[in-house]
1. For residues that are touching a Ser or Thr at 6+ places or on another chain (Cβ under 7 Å) and of a type in the set (S, T, N, Q), scanning just region 423-463, find the one that is farthest from Gly100 (Cα to Cα).
2. State all residues of region 374-399 that are among the basic types (Lys, Arg) and within 14 Å of ligand 2 (Cβ to nearest atom); if no residue qualifies, say none.
3. Going by the structure shown, is Glu240 surrounded by 14 or more Cβ atoms within 10 Å (Cβ to Cβ), farther than 30 Å from Asp385 by Cα and assigned by TED's automatic domain parsing to the domain that holds Ile276?
4. Output the qualifying pairs, or none if there are none: Cβ atoms under 9 angstrom, residues six or more apart or on different chains, first residue in region 56-70 and more than 19 Å from Val105 (Cβ to Cβ) and hydroxyl-bearing (Ser, Thr, Tyr), second residue assigned to a strand (DSSP E or B) and away from ligand 1 (no atom under 16 Å from the Cβ).
5. Being touching a Phe, Trp or Tyr at 6+ places or on another chain (Cβ under 8 Å) and within 19 Å of His175 (Cβ to Cβ) is the filter here; which residues of region 341-368 pass it?
6. So how many residues does region 90-135 have that are hydrophobic (A, V, I, L, M, F, W, C), surrounded by fewer than 24 Cβ atoms within 10 Å (Cβ to Cβ) and within 15 Å of ligand 1 (Cβ to nearest atom)?
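The values are calculated or read from the model by the stated rules, or taken from the named source; none is laboratory data. Given the structure is predicted, the values throughout are model-derived calculations rather than measurements. Note that each Cβ is placed from the backbone with ideal geometry, even for glycine, and that neighbours are counted across all protein chains shown.
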Amino acid sequence: MFGHLFEMSGGDEAQLLNETSRIKGKEALYKNIEAADALAGAVKTTLGPKGLDKMLVTENGAVKITNDGASILENAIIEHPIAKMLIQVAITQDNTVYDGTTSTVLISSELLQNAWELYQKGIHPSIISNGYSLAYETSNEFIHSNAIKIKHGDKLENVVKTSLSVKFGSTLRDHLVSLICKTAREIEAKNNLKIIQNKGGSVEDSYLLKGLVLAKQACSPDMKRNFSKGNILILDGGIENKKPTMTTKINITEPTMIAAFREKELALISEQIDDIIKISPDILVCRDGIDDYAIRLLQKNGITAYRRVEKEDLELLARTCSASVIASPRMAKRDDLGKFESSEELNWSGITHWVVRGTNSKGMTLVIRGSNQALLDDIEKSFSDTLGVACEANEKGLFLPGGGATQMALSRHLKKWAEEFKGRESLAILAYADALEVIPRTLAINSGLDPIDKILKLNAAQASSKTKMSNYWGFDVETGEICNMIDKGIIENIRQHEQALASSTAAAISILRIDDVLWAKNDPTIPEGIEDEINEN
Ligand code: ADP
Ligand code: MG
């Protein structure tokens, strides 16, 4: 709606503005920063391994206990547009680098608080934005020069542990860490894995299977269910009558014509089945449907069929059985067949599951066990995120120290640079440097330690040596000591830091540029309280 608003001219615009609620200038900036602060306040206490959990209660009363920043933000019902915008930033962080959501929200909010202080001192938002952009560019260079390269696969356990440490008790965590590392080493890419839940047992019973598990059963109860070794044909389509794409009208003048139509259809289906029988697969899997007549023919010929398998599963199945996915039975050749080690149907909590073990680990399924739905969901989310982190680590091999070390080193570097910087942006660069300290500070607070004392000590520890190693000094929240994070194995992917800095800077800058907020009147998304204030003015 506002898109139109700005395109209009003169009288039209004035008329439309009357129909909207509006807060402007300083007031708008203040309100927006307040919203960001409130959002950061909601997730602050979850940061780090000593962070606390949040209990989320959905509208229908379901309860979920989690420590995952992204889950909390995704589930919160939030009205303020700026808070919504920051939630989007956090979700992007989660979707692209799988970790660092809480940190991103905290840094964004801190950048805005510090900008507000400068603004009150009379510094224009555009100078602050420029300063922030400059600070960001320098930060990005700095983290690259500070990153350590670890060769393929080494230290994978450490990266996974740092990313996962927040969520679970130590026995469960160790089990998950080894399962995640094993998976990451085998599958190569995250989308080679399917995760499926099997309620019951304990999380430690979760296992990895080379192959695919689907909540499906064969098309007919008379088809063979259990195989050891065999061939599989994978069809990206179906064996049924094609629905016409255009509306056609056929005048039927004689009853025999209907029978003739059906006969023709059956003949076409038989032809397709003949093409399949020629290459004699044990199992046929289709993306679309299979006609009942075709099912009967397949069953008669001893071929077990599964239909309506989603494209992603079909591709995973093709990888794990080293099969080619064919477009139609007419094109099927023996070479297209894949091989499986076994195929069976199992009953899990009353639902039939088709379990097919493949021959290639480029397609795997993780079966998560656990006693209740909330636990299964939490494990699935953590596993999926941390697996993303692990695959990334395997691929790139560039890491940074965690435990607040990187943010502290960055902050110190920017402060030194700001001293030499000629121009009013230097104050904004200092503000940016200060904002980054929110991470070590919050880690200290969440561990029940004095944040000022810890920040001073961390700063002094990093300042005490001139080598690059000093940048690795961070804060181990398990022991409370300040030590070398790389030695301790508290390490993170560089991409997580890159993305967190990039998106929190971009969010802060775009919020600083807003000096006019317009809400359509009577729009239910106007945050409570704001409307009253507007009316008072
Ligand atoms: P985010 O959503 O930002 O990933 P987390 O709650 O996962 O938030 O906390 C991540 C922070 O905790 C990172 O700064 C990471 O370096 C830090 N961290 C993880 N393990 C440790 C540890 N053992 N000691 C100190 N800090 C740690
Ligand atoms: Mg994390």
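1. Gln462
2. Correct list: Lys381 only.
3. Yes; evaluated as a whole, the condition is true for this residue.
4. That search, which allows pairs on different chains as well, returns Thr58/Lys64.
5. Leu366, Val367, Ile368
6. So the answer is 1.
So that you can scan it fast, the table gives a plain yes or no per residue for (1) within 30 Å of Met408 (Cβ to Cβ); (2) at pLDDT below 85; (3) hydrophobic (A, V, I, L, M, F, W, C):
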residue: Lys161; (1), (2), (3): yes, no, no
residue: Leu176; (1), (2), (3): yes, no, yes
residue: Ile187; (1), (2), (3): no, yes, yes
residue: Asn191; (1), (2), (3): no, yes, no
residue: Val213; (1), (2), (3): no, no, yes
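Conditions (1) surrounded by 16 or more Cβ atoms within 10 Å (Cβ to Cβ); (2) more than 14 Å from ligand 1 (Cβ to nearest atom); (3) in contact (Cβ under 8 Å) with a residue 40 or more places away in the chain; (4) in the same structural domain as His413 (by TED's automatic domain parsing), marked per residue:
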{"site": "Leu443", "(1), (2), (3), (4)": "yes, no, yes, yes"}
{"site": "Asn446", "(1), (2), (3), (4)": "yes, no, yes, yes"}
{"site": "Asp453", "(1), (2), (3), (4)": "no, yes, no, yes"}
{"site": "Gln462", "(1), (2), (3), (4)": "yes, yes, yes, yes"}
{"site": "Lys468", "(1), (2), (3), (4)": "no, yes, yes, yes"}
{"site": "Gly474", "(1), (2), (3), (4)": "yes, no, yes, yes"}
{"site": "Glu481", "(1), (2), (3), (4)": "no, no, no, yes"}
{"site": "Lys488", "(1), (2), (3), (4)": "yes, no, yes, yes"}
{"site": "Ile491", "(1), (2), (3), (4)": "yes, no, yes, yes"}
